[in-house]
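Reading through the structure tokens given below for one structure.
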Amino acid sequence: MTTTAPGRVRLSAGGLPPGPGRGRGAGAGLLLAALATVVWSGSFVTSRALHDSVPPVQAAFWRWVVAIVAVAPFALRAAWRRRALIRAHLPYLLAASLLGVTVYNTLVNQAGLTTSAGNMGMIMAASPVLMALFARLGGARLGLRRTAGMLVACAGVLLLVGDGSAAFDPRPGDLWMFGAALSFAAYSALLRRRPAEIGGVVFLFTTFVLGALLLAPVFAASVVLQGGGFEPSTGTVGPLVYVGLCSSAVAFFAWNRAVAVIGAARAGAVYHLQPVCVAGLSYAVLGESLGGAQLLCMALILGGVALAAARDA
């Protein structure tokens, strides 16, 4: 274990923050990454469900309002006690809030206007490759097995998006999702530099608040230009509560903890499961069937995830 100056993350010899990073701890990290992935898969379905009833920016803003209300009882007092630390690390917190809160979810909602939930999940499955690249630029060693697994999983994603072929003709919504994937990958890379003194719940609450504040001017412009009213119903309130409570408070906490334990590159390998989860939800909710080519592509994704999540000998 190395000791660093106050305000810096303390790393072990293996480059992990203090705490269980191997053995049972690594297994728990993989399970947390899987939990976040499954919950986020549902958020693509809900974003698609809201696309014709709530404008994208407004849906994103109300999501974070719900998340702030959900997390506040557990974090407000601790955040107040750590207000000096929050001020000291404000530039870092603003960057994390912008990438992971303000930009990422807004782009996801924007993509839902012109592409399917299935495509959204498939494209986001490419984000672990970007996570691995960010991690490599930060000095992390990926290893041959992990690299090979990510390449296999990426091949499965590309074939899945191309309906069993290498062709890929993106829609505007697909391009928005590529932007979301890039933003999420950069956010995940930043998590490895989270100050150790700021706890996980306080970090979540602070980034949710800052992200909502950064989004507020765009939200106000959307209200003026697009109107701010939507009819409260199970079709609007239900999805907003789901993305605010489950996809934000629960999934972000699980993901952040997973990255702290096993690293962004390894957690990102599990994230490749997202198109499989989205396809399963689409089948269960919408009755969409899966063809042989899609099943083959999913087998590639699952095999790649298993390979990438394993440690190099």
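Structure above, values below:
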{"item": "16 Å cut-off, amide nitrogen to a point 7 angstrom out along PHE74 Cα→Cβ, residues in the range 175-215", "result": "199-209"}
{"item": "Per residue accessible area in Å² of the range 18-109, where ligands, DNA and RNA are left out and the probe is 1.4 Å", "result": "45"}
{"item": "Anisotropy class of the range 196-254 from Cα gyration tensor, a/c 1.5 cut", "result": "oblate"}
{"item": "Rel. contact order, % - alpha carbon contacts under 8 angstrom, at least six apart, the range 76-197", "result": "44"}
{"item": "J(HN,Hα) series, the range 255-269, from Karplus relation 6.51 cos²θ - 1.76 cosθ + 1.60, nearest Hz, glycine and proline x", "result": "5, 4, 5, 4, 5, 5, 8, 10, x, 5, 5, 6, 5, x, 4"}
{"item": "Residue (of LEU210, CYS297, VAL241) at the positive-pole extreme of the range 171-313, dipole from beta-carbon charges", "result": "LEU210"}
{"item": "Calculated FRET efficiency for the pair LEU213/VAL241, C-beta based, R₀ 22 Å, to 0.05", "result": "0.55"}
{"item": "The range 130-274 - accessible surface per residue (Å², probe 1.4 Å)", "result": "43"}
{"item": "Heavy-atom accessible surface of the range 31-183: percent carbon and sulfur, 1.4 Å", "result": "70"}
{"item": "Length gained when the stretch ALA155-ALA284 is fully extended (0.36 nm per residue, less Cα-Cα span)", "result": "43.9 nm"}
{"item": "Charge sum, other residues only, whose C-beta stays under 13 Å from ILE86's C-beta, Lys/Arg counted +1 and Asp/Glu -1", "result": "+4"}
{"item": "Order of exposure, largest accessible area first, which applies to CYS297, CYS246 with probe 1.4 Å", "result": "CYS246, CYS297"}
{"item": "Heavy atoms of GLU231: accessible area, 1.4 Å probe, square angstrom to 10", "result": "140"}
{"item": "Chain lengthening between TYR92 and GLN226 when straightened (0.36 nm per residue, less Cα-Cα)", "result": "45.0 nm"}
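The values are calculated or read from the model by the stated rules, or taken from the named source; none is laboratory data. All of these numbers come straight from a predicted model, not from anything done at the bench. Here the Cβ is made from the backbone with ideal geometry for all residues, glycine too, and neighbour counts use every protein chain on show. With ligands, DNA and RNA removed, areas are computed over all heavy atoms of the protein, side chains included. Shrake-Rupley method; radii C 1.70, N 1.55, O 1.52, S 1.80 Å.
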